[in-house]
1. Report the residue count in region 78-89 for those that are open to solvent by 60 Å² or more (accessible area, probe 1.4 Å) and within 18 Å of residue 116 (Cα to Cα).
2. List the residue pairs whose Cβ atoms are under 8 Å apart, where the first residue sits in region 70-94 and is closer than 17 Å to residue 28 by Cα, the second is part of a loop (DSSP other than H, G, I, E, B) and not polar (S, T, N, Q), and the two are 6 or more positions apart or on different chains.
3. Checking the conditions here, which among 66, 48, 113, 42 is among the charged types (D, E, K, R) and within 21 Å of residue 127 (Cα to Cα)?
4. Please count how many residues of region 98-123 are open to solvent by 60 Å² or more (accessible area, probe 1.4 Å) and farther than 22 Å from residue 134 by Cβ.
5. Can you name the condition, by its number, that residue 117 falls short on among (1) modelled with pLDDT under 90; (2) acidic (Asp, Glu); (3) within 20 Å of residue 149 (Cβ to Cβ)?
6. Does residue 71 satisfy the criteria of being assigned to a helix (DSSP H, G or I), at pLDDT 90 or above and not hydroxyl-bearing (Ser, Thr, Tyr)?
7. Just checking, does region 127-142 include any residue being in a loop (DSSP other than H, G, I, E, B), at negative phi and open to solvent by 90 Å² or more (accessible area, probe 1.4 Å)?
8. Looking only at region 28-68, how many residues end up being open to solvent by less than 80 Å² (accessible area, probe 1.4 Å), assigned to a helix (DSSP H, G or I) and in contact (Cβ under 8 Å) with a residue 24 or more places away in the chain?
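The values are calculated or read from the model by the stated rules, or taken from the named source; none is laboratory data. Everything quoted here is computed from the prediction, not taken from an experiment. Reconstructed Cβ throughout: ideal geometry from the backbone, glycine too, with neighbour counts over all protein chains shown. We work out accessible area using only protein heavy atoms, side chains counted, and drop any ligands, DNA or RNA first. Shrake-Rupley method; radii C 1.70, N 1.55, O 1.52, S 1.80 Å.
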Amino acid sequence: PQGQQRYQRNGPAYGGNQEHLGAWLQQHGGMSLPEQQRALQREPGFGRLPPQTQRQLMNRLGQIDRMSPVERQRTVDRIEAMEHLSPERRQQVRASVQAIRTLPPERQQMIKRAFRDLRQYPPGERERILSSPQFQSQFNPRERGILSNVLAVEPYEPAGLPPPFPGR
């Protein structure tokens, strides 16, 4: 059913009135984890989900509850950004996250370091850095595509650090 699809695709991102995860968590943010879990169980359509999906959603709420406030907000922002992508673009982002895991460990580390550095820049600047000659000499086209895809849902996190690729 349609309600089931919404829950399966986005976790508690949609309640009966199609709230996004951020709004749902704000509405329920003052509650303890058990209270949030009970509220989620009362959401329309939740009881019709397969037991495994229900457990995954409860576990996800627990993970979010254990995060620091900054980490929690980044996670909510990332999920919200994913929800605003087209289904095709969402699939590209997911495929890129999976592709990172298939790279040799040293390339994974380089990608992760570049990701941490690039998220400190606004989206337009990220793309400019990704297409810079210095960056292109360090990462092949596939790796640059992976970075571009995962950065598409990464919130901007200014840190006041020097550019990750001096001399650009």
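1. Of the residues in that region, 1 qualify.
2. Final answer for the pair search is 75/67; 77/155; 80/20.
3. 113
4. Qualifying residue count for the region: 4.
5. Residue 117 satisfies every listed condition except (1).
6. It is false that residue 71 is assigned to a helix (DSSP H, G or I), at pLDDT 90 or above and not hydroxyl-bearing (Ser, Thr, Tyr).
7. In the first step, residues of region 127-142 are kept if they are in a loop (DSSP other than H, G, I, E, B); the result is 131-132, 139-140.
Remaining after also requiring at negative phi: 131-132, 139-140.
Next cut, open to solvent by 90 Å² or more (accessible area, probe 1.4 Å) only: none.
Looking through region 127-142, none of the residues is in a loop (DSSP other than H, G, I, E, B), at negative phi and open to solvent by 90 Å² or more (accessible area, probe 1.4 Å).
8. 12
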